[in-house]
Amino acid sequence: MIRLIGVLLLFFAVLASSHLLIDEKGYVLVSFNQYTVESTLVSLLFMLVVGMFAVWLIAKAFKVFWRALGGLSRRRFKKRQQREEDAFEQSVWALINNQPDSLGYTLQLSEFPSKWRDQQLAIQAKAALYAGKKVVAREYLQQLSESAQSKVSELWLAAEQDNQALSTLAPQAQMKKATPTELNAYISALLQAKDWDTLQSTIEQRHKQLHWSDAQWSQFFTSYFEAILRHSDKDIHVLHSALPRALRAQSQEAYIRTCVRFGQLEVVRKELLKMLKKSQFLALAETLQFAGGGDIEVRKAIQAQLKKHPEHTELLFCLACMANGEGDHGLAAQIFDSLSNSPWQSLWQHQAEIAFAKTGQFEKAYLLLSNTGQ
C-alpha cells in the first residue's frame, strides 16, 4: 500500500513538472452558463488524475471502514447467536433434569433462536407451572403459533384450560389415522375435562390404536373409575360391564381395587373370595391395603383361611384391613403389633397408621409416618 502511494506521488510530481518540458503548449477553455474554466492541458490532466486518485482513496478508505463495521456486526451476531444457542441447550438440560429454578434463570438470560420461539414459550409456560403461576403460563401458551398450540395439550391441561386442550386435540385425534400419541393426549384431556360420554365412546372405538401396555391400561382405568366415583353419579359397575370383552379384562384389576378403595366390597365380593380360594393371599393383600370399608363374608373367609395358616402374614394383614373397615380398630392394632415381630412391609403402612391413630397410639402412628418419610 505504501509503495503504491509512493509511485502515485512520483507520477504526480512528474506530471506537475511536465509543463516545463512542453513549454505550456496546449490550452483549454471551458464555458458553461456563467461559469468559465480555463487551464493548460497539462494542469487539467493533472487535476483530473488527482481527482481520480482522491476518489479512489476515499473509496478504499470507505471499503476498509465498511469491512471493519461488517466484521463488528458479524462478531456481535455470532456472539448473540451463541448466547441464544447456549440458553436453548441449558434450558433443555434443565427441563430433562427437572430443575425448574435453573430453567427460569436460564430463560431470563437470553432469547432462543427465532426458529425455536414456540419451544421457548412452551418451556416458559412449563417453568411458570412449576412455580404455581397458572395465569402466567396461560399467557405464554396463548402466544404460541396455532400449529404449536395443538402440541402442548398437557400444558393446557396443567394450566386448567381443558376446553382449549380439547379444541386443539380433537381434530387430529378424531381422524382415522390418528397416532397413539395424539389419542393418548386426547384421552387425558377428556378425562380431566370430565367428558365421560366422549371418553367412553373413544375408548371403546379406538382402544386398538393406543398400543398401551398392561400397566398403562391399569393406570388409566384406575384414574377413570376413581374420577367417575368422585365427580359423577354414573354407575361404574354398569360402565365396566358395558366395556368390550378385551377392555373388561384389562380393567378388571383397576375396577376391583377402586371398588375396594371406595368401600364397595360387596360388589366385588365374588372376586375377593376367588382370590382366597386360589390362595392368592399376596394379591388380596395388595387389593385390600387401601380398603375404605369392610365385608363380613370376606372377613369370615379370611378367618377360615387363618385357621389353616395361623402365622401367614398376608392373611393377618387382610384381617386387619377388614377390622379397620368395620371400625374394629383395636383388633387391627393388635394384629399390627404381632406383625411388628416380622420384617415390616411397606404394604402394611397405611392400614397400620389408621389402626394406631384410631386407638390413641399416636406415638406408634408417628413413628410409622416418620419411617414413611425417610
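Miscellaneous remarks
- Cut-off 15 Å between beta-carbons: net charge of the residues surrounding residue 157, Lys and Arg +1, Asp and Glu -1: 0
- Computed extension length for residue 47-residue 193: 43.9 nm, one decimal, from 0.36 nm per residue of separation with the Cα-Cα distance subtracted.
- Kirkwood hydrodynamic radius over Cα pairs of segment 214-269, then Stokes diffusion coefficient at 20 °C and 1.002 mPa s, in µm²/s: 192 µm²/s
- Highest mean first, the peptides 117-128, 195-206, 238-249 sorted by other C-beta atoms within 10 Å per residue fall in the order 117-128, 195-206, 238-249.
- Net charge over other residues, Cβ less than 9 angstrom from the Cβ of residue 173 (K, R count +1; D, E count -1): 0
- Dipole of segment 276-374 computed with +1 at Lys/Arg Cβ and -1 at Asp/Glu Cβ about the Cα centre; of 343, 310, 361, farthest Cα towards the positive end is 310.
- Here residue 234 is the anchor, and the lysines within straight C-alpha reach of less than 19 Å, apart from those fewer than 8 places off in the same chain, are 194.
- Viscosity 0.692 mPa s, 37 °C: Kirkwood-radius Stokes-Einstein D of segment 222-368 over Cα pairs, µm²/s: 206 µm²/s
None of the figures in this text is laboratory data; all of them are computed from the coordinates on show. As the structure is a prediction and not an experimental result, all values here were calculated from the model. Backbone-built Cβ (ideal geometry, glycine too); neighbour counts: all protein chains shown.
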